[in-house]
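K.L.:
So that we are looking at the same thing, I have put the structure below in structure tokens.
Just so it is clear, none of the values below were taken in a lab; they were calculated from the coordinates. This is a predicted model, so every value here is computed, not measured. Quick reminder, even Gly has a Cβ in these numbers, built from the backbone with ideal geometry, and neighbours come from all protein chains shown.
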Amino acid sequence: MDPPATDVAVPRTLCIDIGGTGLKALIVDSKGKPLTERVRVETPRPATPQAVLRALQKLVLPLGAFERVSVGFPGVCIDGVTHTAHNLHPQWLDFPMARTLTRLLRRPTRVINDAGVQGYGVVRGKGVEMALTFGTGMGCALFIDGRYVPNIELAHHPFKGDKTYEEYIGKGALERVGKKKWNRRVAKVVAQVEPIFNPRFLYLGGGNAKHITVQLPPHVKIVSNNAGLLGGIALWEQVAS
Ligand code: BGC
């Protein structure tokens, strides 16, 4: 293992965000402060485990030393094993992602759903809080007093007519209907989800949150997509191994 630099708060965490469109990574110190730039490559297609792992290995190589790894994965993850990956590839069904990355990167690795990581990056830790992410897909994460309730999947649940939430509000929909109509859809999704969970705060993140211009209630906050990486440190502080 590389000797840690004396002026750096260790352990350093390599935070990885696997998206349907891009793979992103950066290293943070033990306090969650970024130590490197965020690096990004397009998600390889077809996005099989093998192709994504190869791209990740190449992506993180220039970042330097780290002691542990956190991954946000765009699908259901239980005990580091991926069970769905709607926007990647069917080969992710029952894939031992945490174990495989631990071996490849030679550092202990934890993997949870990407919206969960995003939420960890922004929640305040009191009462019910929720994060929705608008990117290639639609992520959803629920927190109670700062504790994550894993794998709540709204994305593929029917939203309206024969459309699921993700078909209604995902990247494909944004490209098809344009920003103005998509913004009206954001407001409708918020209005639909709100009265079910009644969160104190509802955070809207993901790569497309930057396009949100519609007026939203004061407790609905637009957050930076970087939280999808910075929340990674919580996987080592708050999630049991
Ligand atoms: C997946 C979710 C994921 C979301 C955002 C959806 O297609 O089912 O698990 O959080 O995309 O990546």
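K.L.:
Projecting each Cα onto the charge dipole of the range 108-202 (Lys/Arg +1, Asp/Glu -1 at the beta carbon, about the Cα centre), which of F159, A187, G119 comes out farthest on the positive side?
P.N.:
The listed residue farthest towards the positive side: A187.
K.L.:
Here's a follow-up. Dipole magnitude of the chain about its Cα centre, charges +1 at Lys/Arg Cβ and -1 at Asp/Glu Cβ only, in debye to the nearest 20? Can you show the working numbers first?
P.N.:
Working: 31 positive and 19 negative charges, 124 e Å.
Charge dipole, the chain, about its Cα centre: 600 debye, nearest 20.
K.L.:
Antiparallel DSSP bridges in the range 20-124: what percent, to the nearest 5?
P.N.:
The answer is about 60 percent antiparallel.
K.L.:
Report, by chain and number, residues whose modeled amide H sits under 5 Å from the one on V111, excluding near sequence neighbours (fewer than 5 apart, same chain).
P.N.:
Answer set, sorted by chain and number: V71, G80.
K.L.:
A follow-up question, please. Over the residues of the chain, compute the C-alpha Rg and express it relative to 2.2 N^0.38 Å.
P.N.:
0.98
K.L.:
Report the calculated FRET efficiency for N198 and I78 (r = Cβ-Cβ distance, R0 = 30 Å), to the nearest 0.05.
P.N.:
0.65
K.L.:
Right, next: Apply the Karplus curve 6.51 cos²θ - 1.76 cosθ + 1.60, θ = phi - 60°, to the phi angles in the range 28-39 and return the couplings in whole Hz, x for Gly and Pro.
P.N.:
Calculated HN-Hα couplings, in order: 10, 7, 5, 9, x, 7, x, 9, 9, 5, 7, 10 Hz.
K.L.:
Which of the peptides 102-108, 114-120 is most tightly packed, and how do the rest follow, going by the mean number of other Cβ atoms within 10 Å of each residue?
P.N.:
Per-residue mean Cβ counts within 10 Å order the peptides as 114-120, 102-108.
K.L.:
A follow-up question, please. Given the range 1-72, what whole percent of its Cα pairs are spread farther than 20 Å?
P.N.:
Tail fraction, whole percent: 29.
K.L.:
Oh, and also: Using bins 10 angstrom wide from zero, how does P(r) for the range 123-222 break down, in % of all Cα pairs?
P.N.:
Pairs per bin, as whole percents: 16, 52, 28, 3.
K.L.:
Report relative contact order for the range 1-119 in percent, whole number only (criteria: Cα-Cα under 8 Å, sequence separation at least 6).
P.N.:
Relative contact order for the range 1-119 comes out at 24 percent.
K.L.:
To the nearest 0.05, what FRET efficiency results for V8 and E42 with a Förster distance of 35 Å applied to their C-beta separation?
P.N.:
FRET efficiency, V8 to E42: 0.70.
K.L.:
For each of L53, L230, count neighbouring Cβ atoms within 10 Å of the residue's Cβ, then give the residues from fewest to most.
P.N.:
Going from least to most buried by this count: L53, L230.
K.L.:
A further question follows. What list of ³J(HN,Hα) couplings, whole Hz, do you get for the range 52-60 from phi and the Karplus terms 6.51, -1.76, 1.60, once you set θ to phi - 60° and write x for glycine and proline?
P.N.:
5, 5, 5, 5, 5, 4, 5, 5, 8
K.L.:
Could you tell me which of the pairs K180/K221; K126/K180; K58/K210; K188/K221; K24/K58; K33/K179 are separated by over 22 angstrom between their Cα atoms in the structure shown?
P.N.:
Flagged as over cut-off: K126/K180; K58/K210; K33/K179.
K.L.:
Enumerate the amide H contacts of V128 below 5 Å, restricted to partners 5 or more residues apart or on another chain; note that Pro and chain-start residues carry no placed amide H.
P.N.:
HN-HN under 5 Å from V128: D145, R200.
K.L.:
Which listed residue (L174, V71, W236) has the Cα farthest towards the positive end of the charge dipole for the chain, taking +1 on Lys and Arg C-beta and -1 on Asp and Glu C-beta about the Cα centre?
P.N.:
My answer, from the dipole projection, is L174.
K.L.:
Return the loop-located trypsin sites (Lys or Arg not before Pro) in the range 191-241 (DSSP other than H, G, I, E, B) with at most 14 other Cβ atoms within 10 Å of their own Cβ; answer none if there are none.
P.N.:
Counting only loop positions with at most 14 other Cβ atoms within 10 Å, the trypsin sites (Lys or Arg not before Pro) in the range 191-241 are R200.
K.L.:
Could you point to the residue in V41, A141, C15 farthest towards the positive end of the chain's charge dipole, with +1 and -1 charges on the Cβ of Lys/Arg and Asp/Glu respectively?
P.N.:
The one lying farthest along the dipole's positive direction is V41.
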